[in-house]
Amino acid sequence: MPSSANRSSLPCFVISLAESSRRPVIAEALSGLGIDFAFIDAVDGRKLSVGALADVYDAAENARRFKRPLTAGEIGCALSHRTVYRRMLDEKLDQVVVLEDDATVRDRFAAFVDAAQEVPDAAEIVSFYAEYGHVSASPAFDVAGVACHRASTRISHAVGYLIRRSAAATFLDEGPKVVTV
């Protein structure tokens, strides 16, 4: 973790390809906010062989549940997030923040991290931004001045989220193979 004044004890993991040019940008932004973090080297699914992809991806279950097959990049991304979930269980971490390396963080994010203990226990995942999905119009709760809305549909393509160990365990309990993003 980069050295900085630790804002909280909440672990923050940034998923990033080892050779990504985005690493210095997110590192500077998080360090500037005083947020300690660790990089998680992402799995580059595009570099996996057809056999390796078949070993980690359940195409039949994906076809049953979703409209389209996953790309190799999406499979790698899902494997990368699963790495964080396994680490949570192994290290007995109650909750962590997970960011993609292209996330934009500002002061409000730092305030949220500082106050993460205010997130209600029932909120197993708090997405910071998602490309797909819908949320309720009225906030369900507030953390450090940030209104948090309950998802009314499945949320996906988030650039960051807080996740509790119980949700990580649920995702890993779904099976050893990737089925969806």
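The values are calculated or read from the model by the stated rules, or taken from the named source; none is laboratory data. Computed from a predicted model, the values in this text were never measured in an experiment. Please note: Cβ atoms are built from the backbone with ideal geometry, for glycine as well, and neighbour counts cover all protein chains shown. For accessibility, only protein heavy atoms count, side chains too; no ligands or nucleic acids. Shrake-Rupley method; radii C 1.70, N 1.55, O 1.52, S 1.80 Å.
Points worth noting:
- By average C-beta atoms within 10 angstrom, highest first, the peptides 45-52, 9-16: 9-16, 45-52
- The chain shape via C-alpha gyration tensor axes, a/c threshold 1.5: oblate
- Under 29 Å from the Cα of residue 47 - lysines, other chains or at least 8 residues apart: 67, 177
- Estimated vicinal HN-Hα couplings, Hz - the range 86-100 in sequence order (Karplus 6.51, -1.76, 1.60; Gly, Pro = x): 4, 5, 4, 5, 4, 8, 6, 7, 6, 7, 9, 9, 10, 10, 7
- A 1.4 Å probe run over the protein chains yields, for the range 30-181, 55 Å² of accessible area per residue, whole-number rounding.
- Along its principal axes, the range 15-85 has C-alpha extents of 45, 23, 19 angstrom, given from the largest down.
- For residue 12, nonlocal amide neighbours, meaning residues 5 or more places apart or on other chains whose placed amide H falls under 5 Å from its own, are 38, 97.
- Helix 23-32 vs. the chain, principal-axis angle (Cα, 0 to 90°, nearest 10): 20 degrees
- The apolar share of the surface of the chain, taken as the fraction of accessible area on carbon and sulfur atoms (1.4 Å probe, ligands and nucleic acids excluded), comes to 53 percent.
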